[in-house]
Amino acid sequence: GENVEQHPSTLSVQEGDSAVIKCTYSDSASNYFPWYKQELGKRPQLIIDIRSNVGEKKDQRIAVTLNKTAKHFSLHITETQPEDSAVYFCAATDRQGAQKLVFGQGTRLTINP
Amino acid sequence: EPEVTQTPSHQVTQMGQEVILRCVPISNHLYFYWYRQILGQKVEFLVSFYNNEISEKSEIFDDQFSVERPDGSNFTLKIRSTKLEDSAMYFCASRPLTDTQYFGPGTRLTVL
């Protein structure tokens, strides 16, 4: 089955700077890679996703890149703001079975004012 | 915008007791999931449900767990005899034919 590794586990950046979170996956058949933001005690909220037929996707200050050959994908947040502080999870769809999501370990992002 | 809902938000129970966690998925969705998240850890898959039957389950989902979709709207997770290690946040998720899964707000289960 799929396995997803995520780095770093914690990340602290100055407000206005960029943040990058990286994930690798093991199953080359995986074709859907969402990113979720989770604030303390709340549900994971989808912030952006990418499918394996594209290499990059942008939505305002957030972008995701995918390298299928290397089996890694990254989240880029530019012009960070205090409200970006949260735990971010990457995930990959396990194509075997019911397309469950396999999550990375999470990155606690702190934006320092 | 429609959302997945879950009740209760917090459930406290004694070890050995049965609990039922309830979810109302988004109405036109076809696939339903339960995940759990132990405090400070990643989200883990428990079970998926499609066409009124379990389509996949993880090693965590042993005989103490069961799921049901008793009517057209509710999706429940039952834990027959809770253990201390069942304490976690339980998330329900649903999706249509496309890949995107939408998560509910979660039920925090505390087993004493």
Q) Just a yes or no: is a residue in the stretch A:43-63 without any contact (Cβ under 8 Å) to a residue 12 or more places away in the chain, touching a strand residue (DSSP E or B) at 6+ places or on another chain (Cβ under 8 Å) and within 12 Å of chain B (Cβ to nearest Cβ)? A) yes
Q: Collect the residues in the stretch A:95-113 that are assigned to a strand (DSSP E or B), within 10 Å of chain B (Cβ to nearest Cβ) and either over 19 Å from A:CYS23 (Cβ atoms) or out of contact with any Phe, Trp or Tyr (no Cβ under 6 Å at 6 or more places or on another chain) (or both), keeping them in residue-number order.
A: A:LEU101, A:VAL102, A:ARG108
Q: Looking for whichever is touching a Ser or Thr at 6+ places or on another chain (Cβ under 8 Å) and farther than 25 Å from B:SER58 by Cα here; the options are A:THR69, A:THR93, A:THR10, A:THR107. Which one fits?
A: A:THR10
Q. When you scan the stretch B:1-20, how many residues do you find that are part of a strand (DSSP E or B) and hydrophobic (A, V, I, L, M, F, W, C)?
A. 3
Q | Positions within the stretch A:88-104 being among the polar types (S, T, N, Q) and more than 17 Å from A:LYS71 (Cβ to Cβ), in sequence order | A | A:GLN99
Q: Could you tell me whether A:GLN81 is more than 30 Å from B:LEU46 (Cα to Cα), of a type in the set (S, T, N, Q), out of contact with any Pro (no Cβ under 7 Å at 6 or more places or on another chain) and free of Cβ contacts under 8 Å to residues at least 60 places away in the same chain?
A: no
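Quick grid of which residues meet (1) modelled with pLDDT of 95 or more; (2) at positive phi; (3) of a type in the set (A, V, I, L, M, F, W, C):
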| site | (1), (2), (3) |
| --- | --- |
| B:VAL43 | no, no, yes |
| B:LYS57 | no, no, no |
| B:PHE91 | yes, no, yes |
| B:PRO96 | no, no, no |
Q) If you go through the stretch B:31-55, how many residues are surrounded by 14 or more Cβ atoms within 10 Å (Cβ to Cβ), under 18 Å from B:PHE103 (Cα atoms) and more than 10 Å from the chain's Cα centre (by Cα)? A) 7
Q | Candidate set from the stretch A:72-94 (those that are surrounded by fewer than 16 Cβ atoms within 10 Å (Cβ to Cβ) and part of a loop (DSSP other than H, G, I, E, B)); member that is farthest from the other protein chains (Cβ to nearest Cβ) | A | A:GLU79
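The values are calculated or read from the model by the stated rules, or taken from the named source; none is laboratory data. Here the structure is a predicted model, which means the values were calculated and not measured. Note that each Cβ is placed from the backbone with ideal geometry, even for glycine, and that neighbours are counted across all protein chains shown.
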